[in-house]
Amino acid sequence: MNRREFFNLGLAPFLLSTSVTATNTISAPVASMANQPAEPLSRLAKNGFLPNVPLVTHRNQNVRFYDDLVREKTVLINFFLIQCSEGRCPLAMANLRQVQNMLGSRMGKDVFFLSITLQPLLNTPQALNKYAEIFKPKPGWDLLTGKPEDVETLRRTLGFADADPELDNDLQNHTSLARYGNDKLERWGMVSLRSSPNNIASTFKWLTV
Amino acid sequence: MSSYEKLVQNTIDLHRQITQAKLTRRDLLKMGMLSAATGMLLPMSGLSLRALAKDDDPTNPAICPVPGLAPPLGMISPPTRPWIEEMPRLVEKQTVRGNHPDNIDTGYYGYGGAPGPMPVGDAQGRGGDSKIHCLYDHPEMASHFPVQNMGHQAWSANGLIYCPPEKWYELREKQFDHVWHKDLPAGSGGQPAWGFDGVFPGPMFRVRYGEPHFVRIHNDLPTRNLGFGINQTSTHLHNMHMPAESDGNPLLPNYSGSYWDHHYPNVYAGVKQFGGLGNPNEGLGTLFYHDHKLDFTAQNVYAGLVGMTSIYDAPGIYANPTMGDYGDPEEATGWRLPCGPNFEFDVGLVFHDRQFDTLGADFFPLACFDGAVGDKITVNGKIQPFFPVKRRKYRFRMLNIGPSRTYQWALSNNSNFVVIATDGNLLPAPITVKTFQQVPAERFDVILDFSKYVPGTQIILYNRAEQTSGAKPTGKLLTPGVPVLKFIVDTGAVVDNSIIPSTLRPLPDISTPVTNNRTWEFKRRSGEWVVNREPFDRNVISATIQEGTAEKWTIVNGGGGWTHPIHVHHEEHRVLSYNGKPVGGLYAGRKDVISLEKNAYAEIYLRFRDFKGLYVMHCHNTVHEDHAMMVLWKLV
């Protein structure tokens, strides 16, 4: 059976007329999908694991999450809260500052850090730029904000949401784990940004050999 | 055909049509069949069984409920008919040709070469042997693993323990196509998986105390993975008493195109104290080997990198002639446990739950660090298989490889399991139970006696524990449960010389005085898995322990409602108390996994013996382990 024959089975109208009881309420990144290339390279991107939502960097550049930041790159993705009451995020960002130095010339060439704010409404690109002064990100490390719904899509899709809705609603209950991966080789793991800069940096050695 | 069966059949047909028509997700999305947000088939009649499945339907165990795509809400595997395929037996592992080291492959690079006590490399210190390769690429590891200490500890005539290999094996990690169930849209062609020697589960090793063995593990995995996994591996033989360089440390990857040599001295624990082969009361039995690569253990095991090992007592070296577990085909010596010719009645059972996506493709919830549970339970790589049995006793070596599911086993006719070993260790005496719990990494050796049944009798193994997320079971017991495996009793009489002995292996005394107390708290802290409040860090050694000493460890579940199966490498333990009370029955023996229920704490006794080096302790919900719930400790 080919595609045409499948459509001609008459199943499609039947399916469309059936009442749909989807329970998921997450807004789909439909608008951005329209601009996506026909065949994104990695299977994860194809399967919606790496949504191509629009974001803005602390350098005030408009970017697409997948096309511009992740595609064919080695990346580390974390979510941060400027007003982190336990001090985990300042520690994480300070560690990343050291890691970018350890990575030397690889930074911005084949390794990129994507730090996404958990408060996109409050944190304008200008606010992020000011925050970035503390950590002095080199080229290759972007602090990112965007439309709240797009940031939320990323947070859930990338697995930074807590299974317990009550805990998830608590903004202070956010993980220090960062997702790291290589889109081209489709290798994805997580490392704690509370571990030492050396531990975090070593992760990247093992990712590309 | 009932209306339900009709629906199952229709759904199978529709899935087939979708696959054959090569519809993409985009097509499905356009047709309104796929939810854009979740990437899964919408729960509409005729498309997904979930549309009519009730929450309490035991054939429909729910999956990780994390919102978003981790994994898709309500993802359900395509339907498969039960009892269609026969359960395969594990392949029996053979030595290399002639059991001679000259016949071991020297690797792709043409250097590295013959197996020996020291790792070897080329003039640049870089060889086909991954030990050198790894340290060359990761000089920061040299503080833990100096190159000169990477030789095999028990293979040098100058060493205190000298056990050169007598049995020579090779394993190849490679990609192959596996059929989880022929009703899946992939059909009889199967879909890609990774496995030792290209099978899932990997082959069964049968080795003996007093016959040290050598395994060269070739990593022939491709660069391109399965959508999950990494082609760097570290093969850990779970609960083996062995030197650190052969432990399969998460920090020491074997690179694709390289090999790693493991040397297993096959001595009982306490060899320095007791001399000879050590203390036979420390004998192990049912072990398993699996990949242990840092941050990727769950993914790589899920890809298929797991197999079993059985170790048997050395024959004839003990004063007590009844001592022994020879795997004797005549079942006439030793304990006379069920075995039979070619191990026909000594059968490994590897339990593993999997999730398949809308189109029947393998799915691993990469973005769900609570754990991973699938709605299809496989036995030896098949979904709901059947297994013909003869009218006699069988020994089943039951292994739960997770990643995260806990089972509560029961038989359909409410008959008994005779448990002879926990975590592979023979108990002082068999224990008869109607049901028991099995957490990830635990092993139970049970004897089932089919001699009393009329031919044609069908007995179903049920899992009664409901588990809807990777973090823990719900606590609800299903009745009768999810059917997992069906035994079908054959016709005809057979010889059965095996017995169920009244006594087995005595427990070793634990009189070595405790010189150190340590507390380890396993907890979810602010959205990450930690031990003593800290995530894993390869630069931190959390305990340095003197060889020859005994310690009491208090293992604490720090709360949050999760359960954690904790595993310490190299040395197994005895449970002194659980929640302040002594333990009995199945938990009083020697164990290498301690299951911490929510808010539980346990005191365990460990002796650290014979070998030195860097080992780990971690949660064996491997998804927790990969998300930093692990510590390094060093035996000096």
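The values are calculated or read from the model by the stated rules, or taken from the named source; none is laboratory data. Just so you know, these numbers come straight off a predicted model, no measurement behind them. Methodologically, a virtual Cβ is constructed for each residue, glycine included, from the backbone with ideal geometry; neighbour enumeration extends over all protein chains shown. Each accessible area value is taken on the protein alone, full model and side chains, heavy atoms only, with ligands, DNA and RNA left out. Shrake-Rupley method; radii C 1.70, N 1.55, O 1.52, S 1.80 Å.
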- strands (runs of 3 or more DSSP E) contained in the range B:537-600 and holding at least 1 residues more than 17 Å from residue B:619 (Cβ to Cβ): B:541-545, B:550-557, B:574-578
- So residue A:142 fits all but one of (1) at the interface with chain B (Cβ under 9 Å from one of its Cβ atoms); (2) in contact with a Ser or Thr (Cβ under 6 Å, 6 or more places away or on another chain); what number is the exception? (1)
- Message: I need every pair where a residue in the range B:583-606 that is without any contact (Cβ under 8 Å) to a residue 60 or more places away in the chain has its Cβ under 7 Å from the Cβ of a residue that is part of a loop (DSSP other than H, G, I, E, B) and open to solvent by 20 Å² or more (accessible area, probe 1.4 Å), sequence separation at least 6 or different chains.
- Response: B:597/B:563; B:600/B:579; B:601/B:579
- Do any strands (runs of 3 or more DSSP E) lying entirely in the range B:422-519 carry at least 1 residues that are in contact with a Ser or Thr (Cβ under 7 Å, 6 or more places away or on another chain) and open to solvent by 10 Å² or more (accessible area, probe 1.4 Å), and which ones are they? B:425-433, B:435-438, B:458-465, B:477-489
- Query: So, of the residues in the range A:183-198 that are more than 7 Å from chain B (Cβ to nearest Cβ) and of a type in the set (D, E, K, R), which turns out to be most open to solvent (accessible area, probe 1.4 Å)?
  - Reply: A:184
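Quick one: how many residues across the range B:613-636 are assigned to a loop (DSSP other than H, G, I, E, B) and farther than 18 Å from residue B:512 by Cβ? Spell out how you get there, then give the answer.
Quick first cut of the range B:613-636, residues assigned to a loop (DSSP other than H, G, I, E, B) only: B:620-621, B:627-629, B:636.
From what is left, the residues that are farther than 18 Å from residue B:512 by Cβ are B:620-621, B:627-629.
Total satisfying the criteria: 5.
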- Residues of the range B:363-374 being surrounded by fewer than 24 Cβ atoms within 10 Å (Cβ to Cβ) and either within 19 Å of the chain's Cα centre (by Cα) or assigned to a helix (DSSP H, G or I) (or both), which ones? B:364
- Task: Test each condition in (1) of a type outside the set (Val, Ile, Thr); (2) open to solvent by less than 10 Å² (accessible area, probe 1.4 Å); (3) over 25 Å from residue A:208 (Cβ atoms) for residue A:154 and report the one that comes out false.
- Result: (3)
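Can you go through B:247, B:313, B:328, B:295 and tell me which one is outside the structural domain of residue B:591 (by TED's automatic domain parsing), within 30 Å of residue B:407 (Cα to Cα), open to solvent by 10 Å² or more (accessible area, probe 1.4 Å) and not polar (S, T, N, Q)? Walk me through it before giving the result.
Values: B:247 fails: open to solvent by 10 Å² or more (accessible area, probe 1.4 Å); B:313 fails: open to solvent by 10 Å² or more (accessible area, probe 1.4 Å); B:328 fails: within 30 Å of residue B:407 (Cα to Cα).
Residue meeting the stated conditions: B:295.
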- Query: Say we look at the range A:132-150 and pick out the residues that are touching a residue at least 60 places away in the same chain (Cβ under 8 Å) and in contact with a Phe, Trp or Tyr (Cβ under 9 Å, 6 or more places away or on another chain); which of these is surrounded by the fewest Cβ atoms within 10 Å (Cβ to Cβ)?
  - Reply: A:132
